[in-house]
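The values are calculated or read from the model by the stated rules, or taken from the named source; none is laboratory data. It should be emphasised that the depicted structure is a prediction, and the values quoted were computed from it without experimental measurement. In this analysis, Cβ positions are derived from the backbone assuming ideal geometry, glycine residues included, and neighbour counts consider all displayed protein chains.
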Amino acid sequence: MAYSFLKIFSFLILVISISYRIFAPHFNIQNSNGETHQSFILENIFPIEDFRTLQNYAKNIEFELTIKVDSTIEDNYGSSDLDKYGKCPHNIQHPNVNKTRCIIPARIDVAKHYFMTGGHYAKKEYLDTMASRILIFQSFLHQRKNEIVLPEIKKLFENKIYKSNALKICEGRPILDPIQVSFLLNIPGQEVAMHKDVPWFFGMDRFNLPSWLLIVMEQSGLYEKDRIPQIQGVSYLHDWKDYEEAKGGFYFYPNGPAGKKVTVSAKANQALILDGSKVPHATETFRPNKKIQTKLDKNEQYLLKHQDNSWNMYLKKNLTKIANYPNEDIRISFVWRQRCFRDEEEKETYHKKVNATLLDPKIIIDNLIQNLLSLGKIKQKPESEIDTIITLLKYYVEYPYPDSIFPYNYCVAVEKFLPSYIKSLSDVFCS
């Protein structure tokens, strides 16, 4: 008995020490900019008939799992060959879609922070469970083309109250240019990881640069003159009303990562509006008291359909039904984004440059590294592309840590860095 206790105690000391050594250097958030970003809430964002129309639209969509997206461009920075075992040589890489190369995930900034901290509640879980929590189901109505296919969202964008509040978020720029409209579904146990939305710059966006690099550019402040303010709107189309028990609320940091957290419940037909590219945000775990019914494998494809007044999940490859969820176990979000321009001429100027990259990625990366050298943050240039990416994320990208005495997911450290016989001891702590 004493020997078993000693083993467990020793194990805890070991994993905490290793976690601290791996993660602690990054736990140094400073709110030096004194930033403040506006947001506003609109109740009954849609007339009830429009709310029902959108809700029914969602119920008639076949939702697919949002599998990791490498990038909308072919990006080779930080890439390498697979090793002889078919694995990637560095832990911030993963195989591309065809499993022919190792690449940097488009949102490595989000994945790194989420798995390191354990997300909402600072969970202590292995990678597969954590991944299941953020593999959400999504359906895009439009992404790149400047068109709106639903009259209900068109009416919202033309609403005077909405437009007057949007003007505050847009830094006084009155011309709103739709970027994206989408439905998102969460099942119990899921959440949206802490992140900022991918920013847009004149001639530089996620169609010609990696998303992680755009995030670094925005947080560096070096490309502010080319940045385009944007609006993110989030509303909810579910009917359940036990918001306190269900959780799944949207939380954000309007005063920066070191500021106070603000949480807004996932109340049906309520909308929160902010610039998600400037404000760190995430969601609470939806129905946290329920276990994940089915662990989702990032290498599989899944479908979620509304049938016979409930939701069924299928494996896409053979349409095998693997789970069923009552309506109250589905969190339905309706999300839209718009770019903000001073006038129609500026908007036209942007669209003419959509297919023209103003700067080569390597020039941007060199500018960012030179800035760190001039500030004395680093003493020399990183030796490799991988080291360069790690350095840029470390010094430029800051996300808030969970409210926890120990905001590190030591289970990831155990799984990634310790031998398997030690990992077996951790199973009782990493459920």
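Has the stretch 279-297 got at least one residue that is surrounded by fewer than 18 Cβ atoms within 10 Å (Cβ to Cβ), modelled with pLDDT under 95 and among the hydrophobic types (A, V, I, L, M, F, W, C)?
yes
Assuming Tyr121 fulfils every condition listed in (1) of a type outside the set (Lys, Arg); (2) out of contact with any Phe, Trp or Tyr (no Cβ under 9 Å at 6 or more places or on another chain); (3) assigned to a loop (DSSP other than H, G, I, E, B); (4) touching a residue at least 60 places away in the same chain (Cβ under 8 Å) apart from one, which condition is it?
Only one criterion is unmet by Tyr121, namely (3).
It is to be established whether one or more residues within the stretch 143-156 are outside any strand (DSSP E or B), over 28 Å from Leu425 (Cα atoms), at pLDDT below 90 and of a type in the set (S, T, N, Q).
yes
Can Glu348 be described as exposed (fewer than 13 other Cβ atoms within 10 Å of the Cβ), over 27 Å from Asn186 (Cβ atoms), touching a residue at least 12 places away in the same chain (Cβ under 8 Å) and of a type outside the set (Lys, Arg)?
Values: exposed (fewer than 13 other Cβ atoms within 10 Å of the Cβ): yes; over 27 Å from Asn186 (Cβ atoms): yes; touching a residue at least 12 places away in the same chain (Cβ under 8 Å): no; of a type outside the set (Lys, Arg): yes.
In short, no.
Among the residues of the stretch 183-222, count how many are assigned to a helix (DSSP H, G or I) and surrounded by fewer than 19 Cβ atoms within 10 Å (Cβ to Cβ).
Count: 1.
Counting just the residues of the stretch 78-108 that are assigned to a loop (DSSP other than H, G, I, E, B) and small (Gly, Ala, Ser), which one comes out nearest to Trp212 (Cα to Cα)?
So, considering only residues that are assigned to a loop (DSSP other than H, G, I, E, B) and small (Gly, Ala, Ser), the one nearest to Trp212 (Cα to Cα) is Ala106.
Which of the residues that make up the stretch 102-128 are surrounded by 17 or more Cβ atoms within 10 Å (Cβ to Cβ) and of a type in the set (D, E, K, R)?
Arg107, Asp109, Lys112, Lys123, Lys124, Glu125
Out of Gln370, Gln380, report the one residue that is surrounded by fewer than 13 Cβ atoms within 10 Å (Cβ to Cβ), assigned to a loop (DSSP other than H, G, I, E, B) and not basic (Lys, Arg).
On inspection, the qualifying residue turns out to be Gln380.
Looking only at residues in the stretch 262-278 that are surrounded by fewer than 21 Cβ atoms within 10 Å (Cβ to Cβ), within 18 Å of the chain's Cα centre (by Cα) and of a type in the set (A, V, I, L, M, F, W, C), which one is nearest to Ile153 (Cα to Cα)?
Only one residue fits best here, namely Val264.
Quick one: which of Val279, Val264 is in contact with a Leu (Cβ under 7 Å, 6 or more places away or on another chain) and not hydroxyl-bearing (Ser, Thr, Tyr)?
Val264
Among residues belonging to the stretch 396-431 that are among the polar types (S, T, N, Q) and assigned to a loop (DSSP other than H, G, I, E, B), point out the one that is nearest to Pro280 (Cα to Cα).
Ser404
So Ser420 ticks every box in (1) among the hydroxyl-bearing types (Ser, Thr, Tyr); (2) touching a residue at least 24 places away in the same chain (Cβ under 8 Å); (3) surrounded by fewer than 18 Cβ atoms within 10 Å (Cβ to Cβ) but one. Which box is left unticked?
(2)
Residues are listed down the side, and each one gets a yes or a no for (1) assigned to a loop (DSSP other than H, G, I, E, B); (2) among the hydroxyl-bearing types (Ser, Thr, Tyr); (3) in contact with a strand residue (DSSP E or B) (Cβ under 6 Å, 6 or more places away or on another chain); (4) surrounded by fewer than 17 Cβ atoms within 10 Å (Cβ to Cβ):
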| site | (1), (2), (3), (4) |
| --- | --- |
| His238 | yes, no, yes, no |
| Pro257 | yes, no, no, no |
| Lys260 | yes, no, no, yes |
| Ala323 | no, no, yes, yes |
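State yes or no: is Ile386 under 23 Å from Pro210 (Cβ atoms) and in contact (Cβ under 8 Å) with a residue 12 or more places away in the chain?
yes
Conditions: (1) aliphatic (A, V, I, L, M); (2) out of contact with any Leu (no Cβ under 6 Å at 6 or more places or on another chain); (3) buried (at least 20 other Cβ atoms within 10 Å of the Cβ). Ile136 meets all but one. Number of the miss?
Of (1) aliphatic (A, V, I, L, M); (2) out of contact with any Leu (no Cβ under 6 Å at 6 or more places or on another chain); (3) buried (at least 20 other Cβ atoms within 10 Å of the Cβ), only one is false for Ile136: (2).
Lys225 passes all but one of (1) in contact (Cβ under 8 Å) with a residue 24 or more places away in the chain; (2) more than 20 Å from the chain's Cα centre (by Cα); (3) part of a helix (DSSP H, G or I); which number fails?
Of everything listed in (1) in contact (Cβ under 8 Å) with a residue 24 or more places away in the chain; (2) more than 20 Å from the chain's Cα centre (by Cα); (3) part of a helix (DSSP H, G or I), Lys225 misses just condition (1).
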